[in-house]
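The values are calculated or read from the model by the stated rules, or taken from the named source; none is laboratory data. Note that the structure is a prediction, hence the values are computed from the model and not measured. When we count neighbours, we look across all protein chains shown, and the Cβ atoms used for this are built from the backbone with ideal geometry, even at glycine. Ligands, DNA and RNA are stripped out before the accessible areas are found, and what is left, the full protein with its side chains, is counted by its heavy atoms. Shrake-Rupley method; radii C 1.70, N 1.55, O 1.52, S 1.80 Å.
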Amino acid sequence: MAEKIMEAASNGPRLSKWNIIQYGMICCYSIGLHASISLPFYLVKYSVTYLLAYYIMLLSFCVPICYVQMKLGAIYRQNIFGIFSLLVPILKGCAIAILLLSYIRCLTGSLELSYCLYYAFVSFVFPYDETTHPNHREMSGHQIPIVFFKENFLQISDRLSDGGYLVWYIALTLLVTWFIVFLFTVKEPSFISKLACVISPVALSLLLVALVYGWAVPLPTAPSEKYSRMEFVNGTWTYHERDVNEEEKEKDVFTWNISLSKLYSPQPWMDALLLHIYSLGLWSGIIPTLGSHLYNNKNTILSANVILLVVYGFLPVVFGFAFIPYISSNSSYGMFQFGERLKPGLDLLLLGMFGKIRHAPGIALCLYLGIYLFGMLHVVLHLVVVWDALLTSLPTCLLQFFRRRSVLVAMLCFLSFMLCIPYCFQSGVYLYMLVNSYLDRLIFTVVIVSIVPSVIGYIKQNLMYLLLERALMSLWYGLSSLIIAAMLIYYFAVF
């Protein structure tokens, strides 16, 4: 049985190999939209002590999972669907489920990217005129971002059943996002290495500009933000300054407090776990695809895992601290009022940070566009995995009819755009939150089921590795997956 599997793997597709620079640029996918915005959010929520949970979970659970999955890709030179079909054919449905969950995540991710694309340019036009709001007499400058986000940008309805009308600019930015996805995925999967060598340096440069500006240059503020409220008296606007007591109530949202009391709760540990699952794509099929473009030897796989974990462990933390100057000290931005409904950190990006950076349009463009590019690389790499698995499994007659990959990818991207249209209605944000909620509750099932083919595939590799080493790595992988699944079940049952 093992000989047949290895023979099938050796007859697999001839994939291009990546050099260390290409692979390092591709590893920037792990920064993505999730890590770049969620990590600053958690630093604000839990203080700097959150990094302890972040790194403990990374070293304890992500190391064996990344290593084993990358090794499987290097051995069999297949995507996750091909690997599961070779090892345990009866469980290849699990691979389909993993790819389906990954695809749905890409649909919601494209909506989040469209938000970032819109915000990258909206700062060049003053986004909100407080004098047009019915409650302008009681509204301070700090309330402008949340009012703009909910009423002007989303034009949000009261509930999911109130569908409302299509918000045209969200649909337009979503269309642009899927057109860019088409351009990036229309070529063969090997094109992703060249693409990453362009996207990653550009995104890093844009965020570096925002980092330097945030710590070196004081951010400009609007006149209305220097006052507590406005009032129309005798035909003129009167601004009421804040008193000392009101200023004392505003506390810095980020603290260097190193108290470990917040880590006694399971919440920060679960937040760190979910951050790793979705940023690294631990069960999205992406890591075996990375391994399929690497040489199957111990030093190469070990070096590849070190590069991936160093990039993911270092860069999001750097940009997390870089975003601190752009976070307002006033909680009325809604960072914690509206944040529980959105992806963690999305409200921080579109409310808390936008409140300060909207008065520096050039820097806002760099920040939002940099995050957009990292998120685009993350989504594109996941969709390349999905397209690759789907196109290779289509009937030969269908492939011969269309002949060209570009036609099939265009159809898939257009279909994906149409599936995202409901998100663009006034009630779309409720649908987005509902889909994210159910996806989070399904992930533990694929974690458990995927243990069997992964462990079998790693145990049945060539004899270059000692049996004891294979047994220990398989045990570490299995225990890590079981513990993660138990933590997810507990988290969703309690919280």
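The table below gives the values:
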read-out	value
Criterion violated by Val125 - all others in (1) open to solvent by 50 Å² or more (accessible area, probe 1.4 Å); (2) at pLDDT 90 or above; (3) closer than 23 Å to Gly362 by Cβ satisfied	(2)
Residue within segment 418-436 that is free of Cβ contacts under 8 Å to residues at least 12 places away in the same chain and under 23 Å from the mean Cα position of the chain (by Cα) present	yes
Residues of segment 477-491 classified as open to solvent by 40 Å² or more (accessible area, probe 1.4 Å) and either of a type in the set (Val, Ile, Thr) or in contact (Cβ under 8 Å) with a residue 40 or more places away in the chain (or both), total	4
Top-ranked residue of segment 41-69 - restricted to ones that are more than 16 Å from Gly313 (Cβ to Cβ) and in a helix (DSSP H, G or I), ranked as farthest from the chain's Cα centre (by Cα)	Val68
So Ser437, is it at pLDDT below 95, closer than 24 Å to Leu282 by Cβ and of a type in the set (Gly, Ala, Ser)	yes
Cross-chain or 6+ apart pairs with Cβ under 6 Å, segment 26-55 first and within 15 Å of Ser200 (Cα to Cα), then open to solvent by 10 Å² or more (accessible area, probe 1.4 Å) and among the aliphatic types (A, V, I, L, M)	Cys27/Ile307; Cys27/Val311; Ile31/Leu315
Test: Val63 is at pLDDT below 90 and among the β-branched types (Val, Ile, Thr)	no
Checklist (1) open to solvent by 10 Å² or more (accessible area, probe 1.4 Å); (2) within 26 Å of Met473 (Cβ to Cβ); (3) modelled with pLDDT under 95 applied to Tyr55, failing item	(3)
Unique match (being open to solvent by 30 Å² or more (accessible area, probe 1.4 Å), assigned to a helix (DSSP H, G or I) and not aromatic (Phe, Trp, Tyr)) among Val311, Val306	Val306
Odd one out for Ile371, checked against (1) over 19 Å from Gly32 (Cβ atoms); (2) buried (at least 24 other Cβ atoms within 10 Å of the Cβ)	(1)
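One line per residue, one yes/no per condition, for (1) under 20 Å from Tyr169 (Cβ atoms); (2) under 19 Å from the mean Cα position of the chain (by Cα):
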site: Lys356; (1), (2): no, no
site: Gly362; (1), (2): no, no
site: Gly370; (1), (2): no, yes
site: Leu377; (1), (2): no, yes
site: Leu383; (1), (2): no, yes
site: Ser416; (1), (2): yes, yes
